[in-house]
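As structure tokens, the structure follows; a few thoughts come after it.
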Amino acid sequence: PSRPMIYGESVQSIVTAIQIWFEPLIIGLDPFAVEKLWSKLQTVEHNPTAKAAIDMAIHDIIGQAAGVPCYKLLGGWGNEIDLSYILGLNEPEAVAEQAVQVIDDYGFKTLKLKAGLEPKRDTAMLKSVREAVGPDIRLCIDVNHGYDSITAAQTLPQWEPYNVAWVEEPCPGWDRRGRKIVAKATSIPIMADESCITPQEVMDEIWRGDCRLMSIKNARTGYYLSTKIIHLCEEAGVAPLGGSQGDTDIGTITSAHFCAAHRSMARWPSEVSFFLEISDHLLTERPEIKDGKIKVTDRPGMGVQIDEGKLKHYRMDL
């Protein structure tokens, strides 16, 4: 998942960065020497998802060599996590119908709504979904930086009667003073995502004190940097959650291992259910969701096998 609008990367740039910069730096390194690996990767600026892909592949190798699954390698808290589901942008009634359907089909206990286009429409959507799913389903809302801080400060208090668990990125991430105004205007906790990607940015946000939840995406920070972010959050009493990056089934399993491994991550639902929206899959065994949960295998490493036929079919040579 390249996301050029956020990280400045494309599929081609990721492949090129690995081939031209990173491969010559890391060929011959001991895969167990993760600190040395990152000392090499960090000699090149930016390219977060290229670095993350290498990092997670290395941890898969370590797990296979050691004969243990990645969730045990990373912390071993458990092998199962709760999932949340991200609802689509649509008319309020249609979103409510989708919410009921995915609860019936997969047993999700947490749903994420997308907002930020128009406050009245967004509030009507929230009301419609809450009435459809009842009081026991956790609802959170991602504004995707869509409101200015004044609009967010006026709108979020209107969502409080609907028992919203948290609101993600309610105003532009660069508007730090505006975020503080929003946080003070509502009792709903604020969650940071794209505005806090690196451990340094997370540390700065924790210092400011406006966000009480932090989205961690392994696709952009790998296991190595994600672990640093978890520890920062834990020491500050900030909740770390597994975020969605539009992951395939491979990304889902990769993130599930990480979230299950850590106590502070496993207590919150992870968003890595996007693979349900993808028409085909690259693994020989598709991830299975039961009662809103996903379980990772005890096979070494990630414990997955790539379907070589599908990989050949979907491969892009750049």
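How high is the relative contact order of the range 1-133? Use alpha-carbon pairs under 8 Å, at least six apart in sequence, and give a whole percent. Walk me through the intermediate numbers first.
Values: 112 pairs, mean separation 23.2, N = 133.
Rounded, it is 17 percent for the range 1-133.
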Treating cross-link reach as a plain straight distance, find the aspartates and glutamates whose alpha-carbon is under 17 Å from the alpha-carbon of Lys127, omitting any fewer than eight places away in the same chain. Glu91, Glu93, Glu97, Glu118, Asp136, Asp142, Glu160
Would the range 278-318 count as rounded, prolate or oblate if I go by the C-alpha gyration tensor, calling it rounded below 1.5 in a/c and otherwise prolate when a/b exceeds b/c, oblate otherwise? oblate
Pick out which of Val133, Val304, Val11 has the largest mean-square fluctuation in a Gaussian network model of the chain, springs linking Cα atoms closer than 10 Å. Val11
Is the range 39-155 best put as rounded, prolate or oblate by its Cα gyration tensor, with a ≥ b ≥ c the root eigenvalues, rounded for a/c under 1.5, and otherwise prolate when a/b is larger than b/c, oblate when not? oblate
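Among Met203, Met214, what is the fewest-to-most ranking by other Cβ atoms within 10 Å?
Values: Met203 16, Met214 23.
Listed from fewest to most nearby Cβ atoms, that is Met203, Met214.
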Please arrange His257, His145, His59 by how many other C-beta atoms lie within 10 Å of their C-beta, fewest to most. His145, His59, His257
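What does the helix-only formula give at 222 nm for the chain: each DSSP H stretch with n ≥ 4 adding -39500 (n - 2.57), the total divided by the residues, and the result rounded to the nearest 500 deg cm²/dmol? It would help to have the intermediate numbers written out before the result.
Details: 16 runs with 149 residues, N = 318.
Counting only the DSSP helices, I get -13500 deg cm²/dmol.
Under the Kirkwood approximation applied to all pairs of distinct alpha-carbon atoms, what is the hydrodynamic radius of the range 4-67 in Å? Please report the intermediate quantities before stating the final value.
Numbers: mean 1/r = 0.0814 Å⁻¹.
When all Cα pairs of the range 4-67 are included, the Kirkwood radius is 12.3 Å.
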Gap in Å between the Cα centre of the range 223-297 and the Cα centre of the range 129-152? 22 Å
Within straight cross-link reach of Lys36, meaning Cα distance under 19 Å, which aspartates and glutamates are found once same-chain residues fewer than 8 apart are removed? Glu23, Glu45, Asp55, Asp60
Set the bar at 20 Å for Cα to Cα. Now go through Lys72/Lys293; Lys51/Lys295; Lys114/Lys290 and name every pair that lies beyond it. Lys51/Lys295; Lys114/Lys290
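Taking the chain on its own, what percent of its Cα-Cα pair distances exceed 37 Å? Don't skip to the end; give the middle numbers.
Values: 7627 of 50403 pairs.
In whole percent, the long-distance tail amounts to 15.
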In a Gaussian network model of the chain with springs linking alpha carbons closer than 10 Å, the residue among Ala17, Ala53, Ala219 that fluctuates most is Ala17
Placing each pseudo-label 7 Å from Cα in the direction of the beta carbon, Lys310 and Lys120 end up separated by a distance in nanometres of 4.5 nm
The chain: relative contact order from alpha carbon pairs under 8 Å, six or more residues apart, as a whole percent, is 22 percent
Cα atoms only: what Rg and Dmax, in Å, come out for the range 161-318? 17.4, 54
So for the range 14-66, averaging the separation of alpha carbon pairs under 8 Å that are six or more residues apart and normalising by length, what relative contact order in percent results? 43 percent
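FYI, it's all coordinate maths here, none of it is from the lab. Everything numeric in this text was worked out from a predicted model, so none of it was measured. Cβ sites come from the backbone with ideal geometry, for glycine too, and all protein chains shown count toward neighbours.
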